[in-house]
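Take a look at the structure set out below.
The values are calculated or read from the model by the stated rules, or taken from the named source; none is laboratory data. The shown structure was predicted, so the numbers you read here are calculated from the model rather than taken from an experiment. Positions of Cβ are backbone-derived with ideal geometry, glycine not excepted, and every protein chain shown enters the neighbour counts.
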Amino acid sequence: MRTYLGAVIKGAQGYGIMFPDVPGIITAGDTLEELAAMAKEALETQLEGLFEYGQRIPEPTSFSIEDVRREHDSEDDPLPDDEEWTELLPVTVALPPYPAWVNVSMDADVVREIDRITPDRRGFFTRAARHEIERLRKHG
């Protein structure tokens, strides 16, 4: 899990948000609650895209709303008169899964049975491992 700060813009039509640490995300909502949900979805989608294309997932940084105002509301590029940077909204997202390569030997008939019931062998092994980890944590 990782938490990024989104800079919120309030305008006549609702709210917008952008993430200085993750360029390319701009989304909006009519209410702050809707904005938070849209922001989480947009941030997760952007991070998944970066991961899928082999790009680095940016680390979150600290900044203030005043820093955002200085950076993104200049004389050269001012906000419209009916909009203003109002606050920072922390958005926590799960990071895309980072696969680790393992070489596992097992009975061929078990592998055939797995392949018969699912096309996603990696997903099956991941779910099975998580299930077993949880079982062992509960029951030792």
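From the list Thr126, Thr27, Thr45, which residue is more than 18 Å from the chain's Cα centre (by Cα) and either in a helix (DSSP H, G or I) or surrounded by 11 or more Cβ atoms within 10 Å (Cβ to Cβ) (or both)?
Going through Thr126, Thr27, Thr45 in turn, the sole match is Thr126.
To keep it simple, each residue is scored yes or no on (1) surrounded by 15 or more Cβ atoms within 10 Å (Cβ to Cβ); (2) without any contact (Cβ under 8 Å) to a residue 40 or more places away in the chain; (3) in contact with a Ser or Thr (Cβ under 7 Å, 6 or more places away or on another chain); (4) under 30 Å from Ala129 (Cα atoms).
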{"position": "Pro20", "(1), (2), (3), (4)": "yes, no, no, no"}
{"position": "Gly49", "(1), (2), (3), (4)": "no, yes, no, yes"}
{"position": "Asp77", "(1), (2), (3), (4)": "no, yes, no, no"}
{"position": "Glu83", "(1), (2), (3), (4)": "yes, no, no, no"}
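Hey, can you tell me all the residues within region 62-96 that are within 23 Å of Gly49 (Cα to Cα) and modelled with pLDDT under 90?
The answer is Ala94, Leu95, Pro96.
Among the residues that make up region 115-128, is at least one of them in the same structural domain as Lys10 (by TED's automatic domain parsing) and basic (Lys, Arg)?
No, the conditions are met nowhere in region 115-128.
Being part of a loop (DSSP other than H, G, I, E, B) and in contact with a strand residue (DSSP E or B) (Cβ under 7 Å, 6 or more places away or on another chain) is the filter here; which residues of region 81-122 pass it?
Asp82, Glu83, Leu95
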